[in-house]
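The values are calculated or read from the model by the stated rules, or taken from the named source; none is laboratory data. Given the structure is predicted, the values throughout are model-derived calculations rather than measurements. A quick note on method: Cβ atoms are made from the backbone with ideal geometry, for glycine too, and the neighbour counts reach across all protein chains shown. Surface areas here come from the heavy atoms of the whole protein model, side chains and all, with no ligands, DNA or RNA. Shrake-Rupley method; radii C 1.70, N 1.55, O 1.52, S 1.80 Å.
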Amino acid sequence: TTYTIDIVGLTILPSSTVQSGTPVTLHCQVKVSHDNIPHLNHTFQLTRDDIPVHSSSTVEDTVVYELNPARAADSGSYECRVTVKDKSKASFSQKLNVRGLQTPILQLNKTELYESEEFTATCSAPDEKGSLIFRFYQRLRNGDFEKIKQPAPNGNSSETTLVLRRIGDHYLSCDYEVNLVSGARRSNRSNETLVIVKGLYISPVMNVLPSPEVFEGDIIEVVCKVVNPPKNVEVFLTRNRRILKQALVSLNHRLTAQEGDSGELVCKAEWGNVQKETYQTITVKELFSKPQLTVNPIDIFLGDRFKLTCSVVIYFPERISNESIQFSIYKDNVKLNHEETYITTAHPSENGNYTCKALAISLTHSIDKESQTVVVKAKVPLSKPMLSVVGGTLVLGKSFQLLCHSDNGTLPITYTLHQPHMLSESRVVSKQGEQAIFNSSAIYKFSDLNSFLCHAKNRQNKPPMTGSGLLRSTIIEPVSKPVLTRLHGMGDVSEGQDLTLVCSVQRGTLPITFTWYRTETEGALATQTSMILEGSYNISIVRREHRGGYYCLSTNQANETKQSHTVMIGVKMAGWKKGFIGIIVFCILLILAMSPILAFKRRLLLYKRKRTGELSVKSASTKMERLSLTQAEVNQAANVTPGMIGKSVWSEHASGSGECVDSFTVF
């Protein structure tokens, strides 16, 4: 099953450029080389400007596609692609240019009509293809053409509704446009059709009796009609776009003039979609004003007496008097009395919407008017304002905030804070959730707390409510600078003793945390939280390495840490060590002092032993003479130094020196 597509060819006949309406055929032929494959199937696809226009599968090697007749919409670049099994090949593209467009045809359902009457116009090019854009024109008196409508594209025909409002002759025509890839093409204009527009005389006539100017309560009669009307003419009477009455050809409408009826009446005649209107302005004069309901006082608090008064202003006393007007006062649409006034005591049950009505009665008619609604809602008097610290904690020496608040009272409330050494400040609370918070500078004495005072006010012409002083709050006094001392004096401490370092402050809110440090080491030695103004740190059995500089830190809830001065601690040698060293020194000195004597005695002893040996071999007559030593020999023996004696000095235990030698050895 070996095969290959050799070539795909596309031919346009009779030519690539033809006139509109000419039959055109497109021939697509394929040549395939194969090893004798029977019934080899070919799939042909023909596209115009990459848009498929024809597709077929056949064992034949040629496909013919006809355009009969060819139109402008058929213009474009054509390409034929052939697929054989899993192989595909396309031809070279060939351009087809169809010249010329069909002249459109204009059709009207009416050629004689009245002004503003709607009619139907249809423009079509039945031989053309595709989606055409149609336009409708009217020829002006100067010969130019005015486009009057362009409907949305809809195939090769377009139907629309047109309206001509000018009376006279109108010449209408249309054309269309085809959008191609190569660009837009526009047709010739259609035939012109004459349309005759006639005037439609249906303008209505309107009369207002007895006069366009009347008093409230008078009867007004309005007549609206069309003279010599065509069939099915409707007339309407409207005011402020509200239809008062409707009828065929003619209507008659009666109404009682009331406040607010002044304005423009419109009489409208309508035939089909043609309308004509006539206008008439009427003026209704008020005999008396709309009643006004007032309340006194304006600010009403629970328990206050208040008065409601209903009043009117008479404009034409010759037609109506004050005595002929009846008043009524209502609360929540329930009548309270038939008087001009209503007096009561403010209470939650008296809150509500109040109105009043004024009724004027004459022999012919009555006039009833109602006032605007007055809302009465008694305010709640203020409770005694309270002053508190925001957060509940006050630190002496630091700025803080104060809250002034009344549990009861209708908003808005004006709070004023009086504080020592500063001007008074005010805050207005007008919404739920708002608070009167004041910033205050630092105080340093507890007695200053009694100088703060809060006032509150929510009503006019009344003195403000004076509050109490500052409520009970947590007041924290920062610690003073600590002092580090040594218990039982400040001198040096002896080795082996206990050392107690006391860190103390003069003032500060309890509890206080004390921390001890040594300058020669890192980190804290100890930390202690005390309920008194001092804390202590104890060192048991002091050694020489404990000497050096010591200091302490103190802090409390005010979070202000203070540091003491550094105290130098010296460590003295223990007393028993001093005594022991004294004994050793004494023994050493004693040994040094005894060394010459011991050396002399040893030298003398050796000398005596030598002399004794010599005398033993001599005669007895000369023995006494040799035993006598000259003074020079004695001096020579005495001058022998301890260094010459050497270790032999310590090898003999002279009397009285054994204890010192033993002590030195132990030390």
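Summary of computed values
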{"quantity": "Any hit, the range 76-86, residues being open to solvent by less than 70 Å² (accessible area, probe 1.4 Å) and not in a strand (DSSP E or B)", "calculated": "no"}
{"quantity": "Ala121, sole failed condition from (1) in a loop (DSSP other than H, G, I, E, B); (2) surrounded by 14 or more Cβ atoms within 10 Å (Cβ to Cβ)", "calculated": "(1)"}
{"quantity": "Top-ranked residue in the range 204-244 [being β-branched (Val, Ile, Thr) and not in a strand (DSSP E or B); ranked as nearest to Leu172 (Cα to Cα)]", "calculated": "Val233"}
{"quantity": "Residue under evaluation Tyr78, criteria (1) over 30 Å from Gly155 (Cα atoms); (2) touching a residue at least 60 places away in the same chain (Cβ under 8 Å), criterion not met", "calculated": "(1)"}
{"quantity": "Residues located in the range 246-281, provided they are of a type in the set (A, V, I, L, M) and part of a loop (DSSP other than H, G, I, E, B)", "calculated": "Val249, Ala257"}
{"quantity": "Tally, over the range 341-361, of residues that are in contact with a Leu (Cβ under 9 Å, 6 or more places away or on another chain) and outside any strand (DSSP E or B)", "calculated": "3"}
{"quantity": "Answer from Thr2, Thr62 - the residue that is in contact (Cβ under 8 Å) with a residue 12 or more places away in the chain, in contact with a strand residue (DSSP E or B) (Cβ under 9 Å, 6 or more places away or on another chain) and closer than 16 Å to Ala90 by Cα", "calculated": "Thr62"}
{"quantity": "Tally of residues being out of contact with any His (no Cβ under 7 Å at 6 or more places or on another chain) and either buried (at least 16 other Cβ atoms within 10 Å of the Cβ) or acidic (Asp, Glu) (or both) across the range 216-238", "calculated": "14"}
{"quantity": "Asp50 vs. criteria over 30 Å from Leu200 (Cβ atoms), within 60 Å of the chain's Cα centre (by Cα) and open to solvent by 80 Å² or more (accessible area, probe 1.4 Å)", "calculated": "yes"}
{"quantity": "The range 406-436, subset open to solvent by 80 Å² or more (accessible area, probe 1.4 Å) and touching a residue at least 24 places away in the same chain (Cβ under 8 Å), residue farthest from Arg459 (Cα to Cα)", "calculated": "Gln435"}
{"quantity": "Which listed residue, of Gly549, Gly508, is in contact (Cβ under 8 Å) with a residue 12 or more places away in the chain and in a loop (DSSP other than H, G, I, E, B)", "calculated": "Gly508"}
{"quantity": "Condition met for Ser88 (without any contact (Cβ under 8 Å) to a residue 60 or more places away in the chain and either in contact with a helix residue (DSSP H, G or I) (Cβ under 7 Å, 6 or more places away or on another chain) or among the small types (Gly, Ala, Ser) (or both))", "calculated": "no"}
{"quantity": "Leading residue by the ranking (nearest to Thr281 (Cα to Cα)) among those in the range 225-245 that are touching a residue at least 24 places away in the same chain (Cβ under 8 Å) and in contact with a Phe, Trp or Tyr (Cβ under 8 Å, 6 or more places away or on another chain)", "calculated": "Glu234"}
{"quantity": "Lys147 being under 15 Å from Ser187 (Cβ atoms), open to solvent by 30 Å² or more (accessible area, probe 1.4 Å) and in contact (Cβ under 8 Å) with a residue 40 or more places away in the chain", "calculated": "no"}
{"quantity": "Positions within the range 449-462 being in contact with a Pro (Cβ under 8 Å, 6 or more places away or on another chain), surrounded by fewer than 16 Cβ atoms within 10 Å (Cβ to Cβ) and not polar (S, T, N, Q), in sequence order", "calculated": "none"}
{"quantity": "Selection from the range 179-203 of residues that are open to solvent by 10 Å² or more (accessible area, probe 1.4 Å) and assigned to a strand (DSSP E or B)", "calculated": "Asn179, Leu180, Gly183, Ala184, Arg185, Arg186, Thr193, Leu194, Ile196, Lys198"}
{"quantity": "Residue count for the range 291-310, restricted to those that are touching a Leu at 6+ places or on another chain (Cβ under 8 Å) and surrounded by 17 or more Cβ atoms within 10 Å (Cβ to Cβ)", "calculated": "4"}
{"quantity": "Residue in the range 537-551 that is of a type in the set (A, V, I, L, M) and either over 23 Å from Val493 (Cβ atoms) or surrounded by fewer than 17 Cβ atoms within 10 Å (Cβ to Cβ) (or both) present", "calculated": "yes"}
{"quantity": "Residue check for Glu270: open to solvent by 50 Å² or more (accessible area, probe 1.4 Å), at pLDDT 90 or above and more than 30 Å from Lys331 (Cα to Cα)", "calculated": "no"}
{"quantity": "Test: Leu402 is in contact (Cβ under 8 Å) with a residue 60 or more places away in the chain, assigned to a strand (DSSP E or B) and farther than 21 Å from Lys290 by Cα", "calculated": "yes"}
{"quantity": "Some residue of the range 503-515 being open to solvent by less than 30 Å² (accessible area, probe 1.4 Å), touching a Cys at 6+ places or on another chain (Cβ under 6 Å) and at pLDDT 95 or above", "calculated": "yes"}
{"quantity": "Residue in the range 182-192 that is over 19 Å from Val274 (Cα atoms) and in contact with a Pro (Cβ under 7 Å, 6 or more places away or on another chain) present", "calculated": "yes"}
{"quantity": "Conditions (1) open to solvent by less than 80 Å² (accessible area, probe 1.4 Å); (2) assigned to a strand (DSSP E or B); (3) in contact with a Ser or Thr (Cβ under 6 Å, 6 or more places away or on another chain); number of the one not met by Gln107", "calculated": "(1)"}
{"quantity": "Test: residue in the range 62-70 that is out of contact with any His (no Cβ under 7 Å at 6 or more places or on another chain), open to solvent by 40 Å² or more (accessible area, probe 1.4 Å), in a strand (DSSP E or B) and not polar (S, T, N, Q)", "calculated": "yes"}
